[in-house]
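Asks: Structure in structure tokens, see below.
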Amino acid sequence: MAELLPLIKKSLAPYLTRRVWWLAFSGGLDSQVLLHLVWRLRELAHSSDTSFPEIRAIHVDHQLQAASTAWAEQCEQQCVAYNIPFTLNVVNVEGRRRGIEDLARDARYRAFEAALGDGDLLLLAHHLDDQAETLLLRLLRGAGVTGLAAMPVRRVLGAGELYRPLLSTSRAELEAYAAAQKLSWVDDPSNLDTHYRRNFLRQQVLPQLTRHWPDYRQSFGRAAALQAETAQLLHGYISQDLASLGAEDGSLNLQKLAALPEIRQRAILRQFIINRSELALSSAQLGTIVEQFLCAGDDRQPQFRLAAGVLLRAYNQQLFCELGAVEAPSSLPDELEWNLPGELLIPGIGRLFATPGGSFMPRGSVSIRFRRGGERCRLAGHAHHRPLKKLLQEWRLPPWQREVLPLIYCGGELAAVADLAVCEGFSAAVGEEGWKIQWVPETLT
């Protein structure tokens with residue numbers, strides 16, 4: 001059995017230049033061992049007058065056990081003994097649609113993310129047995145390649161990075177180390193409750209696997225690592241597809257997507273929606289989206305609403321994924337005064353900004369109106385006026401954005417169309433410093 005200190009020293013060597021190492025400290029066996037190992041590394045560095053990152057411990061009290069307050073106190077006392085600053089986060093685990101394990105995990109990681117500063121490192125004590133359990137749970141859920149990669153060794157978390165230095169170490173090795181160092185730890189009685197899926201696997205299923213496949217942990221760990229490599233490779237290919245199919249406005253070209261094999265279509269759609277909204281879709285949802293959007297005629301404008309206000313809709317063979325979709329106002333204001341350069345908030349519609357250095361030069365008082373029909377515009381540098389309706393069609397602005405597009409008037413004359421165009425007579429001349437207009441619309445339905 002390998003000695004853990006040299007292993008952890010080698011594993012953490014690339015991170016010695018980080019300002020802070022946060023350690024997720026539950027007080028259980030795993031985190032007690034990791035805390036002790038990191039403390040020993042710091043002591044060795046200080047004894048040789050070598051710089052070392054600041055170590056901080058963070059404990060999350062989920063308030064799910066009667067003894068949780070006492071456990072937090074024990075963790076704090078341990079950190080005091082090691083001269084390691086201790087942070088306690090008390091969280092509320094709330095929700096109905098998901099299991100208590102998932103809800104507690106989400107609450108815990110939100111606390112971790114909030115604690116991390118720029119470039120900080122969060123160390124978690126997950127080990128090889130945890131990885132095997134996670135892989136099996138994901139397999140039972142019918143996960144794909146990304147899910148079967150199980151827990152990554154490292155990933156970005158908020159402003160910092162998460163790292164699991166013990167992921168290739170078995171629980172038996174941690175127990176041997178704890179016994180040799182005479183460590184004590186908290187035993188959460190809920191870990192024996194087989195109503196929880198992970199505990200059922202741990203107590204009932206995995207002991208049976210051990211009898212017939214004693215090295216299953218290592219095999220599962222290798223399988224997860226291979227899936228992680230495959231997922232990374234696929235992500236690279238899909239990212240190339242998204243770059244070739246994407247438009248500057250963040251939409252996706254449905255006509256080009258439809259020409260690809262269906263399996264590739266689904267992979268691209270899944271990643272497109274993850275990139276835009278962080279929502280992972282089920283196979284059933286993907287099938288519905290393919291049917292509604294890739295099989296729709298050019299004259300149709302289908303919509304599909306996802307969780308958390310995410311809305312998919314198509315126009316002109318482009319797929320838009322919009323966040324926080326809300327109902328459009330029943331009526332729009334007739335006219336609003338705008339005192340540049342101040343920000344103009346149009347409730348329920350969006351915000352207008354003006355910053356120095358652009359091409360728009362207001363001449364006269366500035367006001368905002370919305371389309372009433374019949375507007376005509378002579379674009380700067382053009383010889384003739386044209387119907388605004390035709391211009392918006394040529395610019396391929398989706399219909400749901402046209403009605404709430406702010407029109408900028410100066411002295412009663414149309415001077416600019418949001419941040420899309422400046423009209424003749426309102427461009428900054430040579431030597432004049434104009435304004436750059438920015439329009440940030442709400443996502444409306």
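The values are calculated or read from the model by the stated rules, or taken from the named source; none is laboratory data. In this text, all values refer to a predicted model and were calculated from it rather than measured experimentally. Quick note on the areas: whole protein, heavy atoms, side chains included, nothing else; ligands and nucleic acids left out. Shrake-Rupley method; radii C 1.70, N 1.55, O 1.52, S 1.80 Å.
Asks: Can you pull the semi-axes for the range 5-122, root of five times each eigenvalue of the Cα gyration tensor, sorted largest first, whole Å?
Replies: 28, 16, 12
Asks: If the range 313-412 were replaced by its equivalent ellipsoid, with semi-axes equal to the square roots of 5 times the Cα gyration tensor eigenvalues, what would those be, largest first, whole Å?
Replies: Values for the range 313-412, descending: 23, 20, 14 Å.
Asks: Counting only residues 5 or more places away or on other chains, whose amide H sits under 5 Å from the amide H of Cys423 once H atoms are built in the peptide plane?
Replies: Those lying under 5 Å, H to H, from Cys423 are Ala380, Ala416, Val417.
Asks: Let me ask something else about it. Tell me the accessible surface of Glu43 in square angstrom (1.4 angstrom probe, heavy atoms of protein chains only), to the nearest ten.
Replies: We get 80 Å² for Glu43.
Asks: What number, rounded to the nearest 500 deg cm²/dmol, is the helix-based mean residue ellipticity at 222 nm of the chain, given -39500 (n - 2.57) per DSSP H run of at least four residues and division by all its residues?
Replies: About -11500 deg cm²/dmol.
Asks: For Lys436, what accessible surface area do you get with a 1.4 Å probe? Give it in Å², rounded to 10.
Replies: Here the accessible area works out near 120 Å².
Asks: Which far-off residues, 5 or more places away or on another chain, put their amide H under 5 Å from the one on Met361, with H placed in the peptide plane?
Replies: Distant-sequence amide H within range of Met361: Ser427, Ala428, Trp435.
Asks: If you count the DSSP beta bridges with both ends in the chain, what percent of them are antiparallel, to the nearest 5?
Replies: Taking every DSSP beta bridge within the chain, about 70 percent pair in antiparallel fashion.
Asks: How long are the semi-axes of the ellipsoid equivalent to the chain, from square roots of 5 times the Cα gyration tensor eigenvalues, in whole Å, largest first?
Replies: Taking √(5λ) for each Cα gyration eigenvalue gives 55, 28, 20 Å.
Asks: Where the centre of each part is set by its Cα atoms, how far does the range 1-58 sit from the range 165-216, in angstrom?
Replies: Here the two parts' Cα centres lie 22 Å apart.
Asks: For the range 375-445, what class follows from the C-alpha gyration tensor (a ≥ b ≥ c being the square roots of its eigenvalues): rounded when a/c is under 1.5, otherwise prolate if a/b is larger than b/c, else oblate?
Replies: Oblate, because a/c is 1.5 or more while a/b does not exceed b/c.
Asks: Using the Karplus equation 6.51 cos²θ - 1.76 cosθ + 1.60 (θ = phi - 60°), what ³J(HN,Hα) coupling, rounded to whole Hz, does each residue of the range 105-117 give in order, writing x for Gly and Pro?
Replies: Working through the residues one at a time gives 4, 4, 5, 5, 6, 5, 5, 4, 4, 5, 7, 6, x Hz.
Asks: Also: Translational D (Stokes-Einstein, µm²/s) of the range 57-181 at 25 °C and 0.890 mPa s when Rh comes from the Kirkwood sum over C-alpha pairs?
Replies: Answer, rounded: 149 µm²/s.
Asks: May I pose another question? Per residue of the range 38-49, in order, report the coupling 6.51 cos²θ - 1.76 cosθ + 1.60 (Karplus, θ = phi - 60°) as ³J(HN,Hα) in whole Hz, putting x for Gly and Pro.
Replies: Along the range 38-49, the couplings run 5, 4, 5, 4, 5, 5, 5, 5, 5, 5, 9, 6 Hz.
Asks: Turning to a different aspect of this structure: Output wanted: per-residue J couplings in Hz (rounded whole) for the range 256-273, from phi through Karplus 6.51 cos²θ - 1.76 cosθ + 1.60, θ = phi - 60°, x for Gly and Pro.
Replies: Result, rounded to whole Hz: 5, 5, 5, 7, 8, x, 4, 4, 6, 4, 5, 5, 5, 4, 4, 6, 4, 6.
Asks: Here's a follow-up. Let me check something: with ligands and nucleic acids excluded, how do Val290, Val156 order by accessible area (1.4 Å probe), largest to smallest?
Replies: Ranked list, largest accessible area first: Val156, Val290.
Asks: Amide H to amide H, which residues 5 or more places from Tyr315 or on other chains are under 5 Å from it, using H placed in the peptide plane?
Replies: The answer is Phe320.
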